Amino acid sequence: MSEINITPMVDVMLVLLIIFMVAAPMLTVGVPVELPKTAAAALPTEQEEPLTVTVTADGRLAIQTTEVADAR
């Protein structure tokens with residue numbers, strides 16, 4: 001009966017262990033990044049009422065509760 005030779009697997013595992021032990025300290029070094037500045041306003045909060053646009057089945061348009069005349 002043949003047996004499985006695990007020596008190559010152990011060799012590969014030891015090589016991978018050494019590679020990870022050498023590479024791990026290099027991963028902690030950060031790279032400085034200069035991001036562009038923005039002038040965007042903050043998103044609306046939950047206290048502000050959202051804008052509601054309603055189109056009825058007969059084609060009338062309403063913004064919030066105010067009906068708007070057709071622009072056609």
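Any read-out appearing in this document is the output of simple, stated calculations on the displayed coordinates, not a laboratory observation. These figures come from a predicted structure and were not determined experimentally. Cβ coordinates were reconstructed from backbone atoms using ideal geometry, including for glycine residues, and neighbour counts include every protein chain displayed.
Key figures
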read-out	value
Point-charge dipole on Cβ atoms (K/R +1, D/E -1) for the chain, about Cα centre, debye to 20	220
Selection from THR56, MET9, PRO25, by position along the positive dipole direction of the chain (Cβ)	PRO25
In nm, spacing of pseudo-spin labels at ALA40 and ASP58 (7 Å Cα→C-beta vector)	4.3
Crossing angle, helix 7-27 versus the chain [Cα axis fit, 0-90 degrees, rounded to tens]	50
Along principal axes, Cα extents of region 1-49, largest first, whole Å	78, 31, 13
For region 26-43 and region 45-72, distance of Cα centres in Å	39
Sparse-neighbour loop sites [GluC sites (Glu not before Pro); the chain; at most 10 other C-beta within 10 Å; DSSP]	GLU3, GLU34, GLU46, GLU48
Spacing of the two label points (7 Å from each Cα toward its C-beta) at ILE18 and SER2, in nm	2.9
